Amino acid sequence: MLSVLRLHLPSEIPIVGCELLPYVVSRRADSNITTDDIPESSPIDGYYLRFRWYRIQSDRKVAVCSVHPSELATLQCLGCVKAKIPATKSYHCSPKCFSDSWRHHRQLHARAASAVHENGAEDDELFGRFGSTGSAILGTGGLVGSTSNAGVQNASLSNGNALLNPATVSEKGETWYEVGRSKTYTPTADDVGHVLKLECVVVEASTGTPVGPNNTLLTSRVIPAPSPTPRRMVPVTQVDGVLNQELEGRTAASGTFTVLSYNVLSDLYATNDMYSYCPPWALSWPYRRQNLLREIVGYRPDILCLQEVQSDHFEEFFAPELEKHGYTAVYKKKTTEVYTGTVYAIDGCATFFRRDRFSLVKKYEVEFNKAAQSLTEAVVPPAQKKAALSRLLKDNVALIVVLEAKDANHGVDAPSPGKRQLLCVANTHINANPELKDVKLWQVHTLLKGLEKIAASADIPMLVCGDFNSVPGSAPHSLLATGRVDSTHPELATDPLGILRPASKLCHQLPLVSAYSSFVRMVAVGQEHQRRRVDPLTNEPLFTNCTRDFLGTLDYIFYTADSLTVESLLELLDEDSLRKDTGLPSPEWSSDHIALLAEFRCKHRPRR
């Protein structure tokens with residue numbers, strides 16, 4: 001007979017909107033062990049596994065801390081209540097918690113006041129895109145008099161068909177209400193503050209009778225998914241007096257298109273050792289994937305360049321989920337898998353584009369390993385080839401796509417009859433090792449030379465996006481931003497293979513400009529705070545990567561300034577609102593990088 005040996009949940013803390021997928025180990029009648037699903041439709045040896053999910057109804061709903069969602073709240077900020085900030089953001093687990101988070105928390109008050117001043121009461125929901133919008137009073141018995149609005153969360157939840165006759169079970173003085181009849185369950189806003197119970201039992205297929213013991217698991221209380229402060233699009237120049245554009249409900253202006261670049265932190269690198277300051281439940285992939293998807297879809301980009309996309313997650317999550325939102329996907333994985341301790345995995349670059357706006361014309365896959373092999377064959381003496389390959393073969397890749405606009409109003413010049421409307425987008429992730437400055441520069445130079453060949457074959461606007469693992473002022477950044485590397489640049493001293501000499505060859509002819517350097521040139525009144533988040537020496541953001549040990553800029557969106565112009569940019573974040581004395585990822589932001597988003601318009605150039 002079939003029997004259940006183990007029933008386990010990856011995380012005991014359930015979160016609204018994040019699917020709970022139990023891990024089940026079963027023994028078959030022949031004594032073989034299996035972790036496969038055994039549904040009613042495909043019984044094994046005449047038996048299947050039946051799952052039931054319940055929510056305890058006899059306990060009182062409780063408030064949870066807005067900073068530490070796994071902790072119960074003991075105090076509420078009355079300033080939030082007066083400012084009509086969502087109640088979920090007003091709770092704290094202790095006076096110390098409230099004091100420690102005050103620098104960040106007071107910004108909610110300031111923004112709420114600003115929103116009311118600019119937009120009136122209709123803007124009350126500005127801060128509650130993904131959270132509760134009710135107000136509540138903390139009592140000794142828990143949370144009373146609260147209301148909630150699941151908003152975006154409930155719209156994406158799927159727990160199978162609605163239960164026609166949900167069961168109510170009383171056990172040891174507790175009342176359990178049935179909420180799901182499938183193996184997986186996605187908590188809803190109704191579950192917040194309550195404990196869930198999972199039951200798994202072996203059922204005889206012929207009679208439908210449960211046999212053997214009833215295996216059960218209890219979770220912690222369900223917590224709401226933390227919601228970061230929404231980021232707005234900021235026009236680079238003031239247009240018609242409009243300074244901020246809300247992303248919610250926003251569509252690109254006629255003749256423009258948006259491009260997002262985001263390192264989403266591959267799960268194989270998101271270890272507890274590396275990010276010990278992030279709560280384990282917030283570092284888990286089931287949580288991060290939903291949080292990342294909500295963020296990405298909320299930006300509504302026309303073109304999306306992601307880095308550190310794990311290959312299995314691309315196939316099983318990103319591609320199918322973004323396809324539902326109208327995107328077509330192209331993917332290039334790195335050239336060598338990494339052993340995670342349990343399985344081999346690999347990440348890569350994924351480029352998505354809205355299929356109603358663009359179609360794929362051509363794809364180029366850049367494997368820097370192949371370029372390294374060609375380089376060593378051509379310029380490295382035979383005795384040094386092994387050492388050269390050991391230094392150069394780092395498995396990094398780039399993905400280049402040529403897109404055709406489907407409509408002249410979608411950001412590309414209105415063509416003359418018969419002329420195609422093309423756009424070239426490069427997406428890359430350059431090697432991260434700080435000791436390999438020569439390899440970083442060589443990879444960037446190799447990519448730019450490839451793009452020059454494409455530019456020579458077609459008069460085409462270009463975008464170069466990605467995580468370049470190079471700070472502003474570094475040799476790779478100088479090459480991208482200025483078209484050359486000064487021969488006196490200190491990083492050129494790291495060249496054990498002689499691949500960077502002469503320095504005069506380190507150049508390109510593409511008129512590339514960093515999109516976020518446009519903030520330095522902003523003239524819009526009231527946006528001085530954005531300019532303060534840009535380094536005046538390099539004209540780049542103060543940071544795009546924020547961990548406990550590093551704060552700096554590694555990510556960029558470059559564009560050809562002779563063919564494109566920047567219309568608006570996603571606002572930058574400041575350290576106080578992001579870091580909270582630890583770093584990223586965090587419960588609010590699920591990568592150690594922040595997303596960059598730019599809106600472009602094609603320039604009307606004279607025909608050549």
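The values are calculated or read from the model by the stated rules, or taken from the named source; none is laboratory data. The structure presented is a predicted model; accordingly, all values stated were derived computationally and were not measured. Because the Cβ atoms are built from the backbone with ideal geometry, glycine has one as well, and the counts that use them run over all protein chains shown. Side chains are part of the model used for accessible areas, which takes the heavy atoms of the whole protein and leaves out ligands, DNA and RNA. Shrake-Rupley method; radii C 1.70, N 1.55, O 1.52, S 1.80 Å.
Taken along the Cα-to-beta-carbon direction at a fixed 7 Å, the label points for residue 72 and residue 486 span 6.2 nm.
Dipole check for the range 453-592: with +1 at the C-beta of Lys and Arg, -1 at the C-beta of Asp and Glu, and the Cα centre as origin, the magnitude is about 440 Debye. Take the alpha carbon gyration tensor of the range 346-394, find the square roots of its eigenvalues, order them as a ≥ b ≥ c, and report rounded if a/c is under 1.5; if not, report prolate when a/b exceeds b/c, else oblate. Verdict is prolate for the range 346-394.
Heavy-atom accessible area for residue 3, with the other protein chains in place and a 1.4 Å probe, reaches approximately 40 Å². Once you divide the Cα radius of gyration of the range 274-430 by 2.2 N^0.38 Å, the number left is 1.28. Available extension along the chain between residue 339 and residue 12 is 115.1 nm, counting 0.36 nm per residue and deducting the alpha carbon span. With every protein chain left in place and a probe of 1.4 Å, what is the accessible surface of residue 227, to the nearest 10 Å²? Surface accessible to solvent at residue 227 totals approximately 20 Å². With both labels modelled 7 Å from their Cα along Cα-to-Cβ, the residue 207 to residue 41 distance reads 2.7 nm. Treating r as the C-beta distance of residue 532 and residue 102 and R0 as 22 Å, the FRET efficiency rounds to 0.60.
The simple spin-label model puts a point 7 Å past each Cα toward its Cβ; for residue 175 and residue 404 those points are separated by 6.4 nm. Based on the Cβ-Cβ distance of residue 216 and residue 30, what FRET efficiency does E = 1/(1 + (r/R0)^6) give at R0 = 35 Å, to the nearest 0.05? Once the sixth-power term is evaluated, E becomes 0.85. Within the same chain, lysines fewer than 8 places from residue 334 are excluded, and of the rest, those with a Cα less than 25 Å from its Cα are 362, 363, 370, 385, 386, 394, 437, 440, 449, 453. To the nearest 0.05, what FRET efficiency results for residue 574 and residue 1 with a Förster distance of 41 Å applied to their C-beta separation? Once the sixth-power term is evaluated, E becomes 0.10.
Here's the list of lysines a cross-link from residue 172 could span, going by alpha-carbon distance under 30 Å and ignoring same-chain residues fewer than 8 apart: 61, 183, 197.
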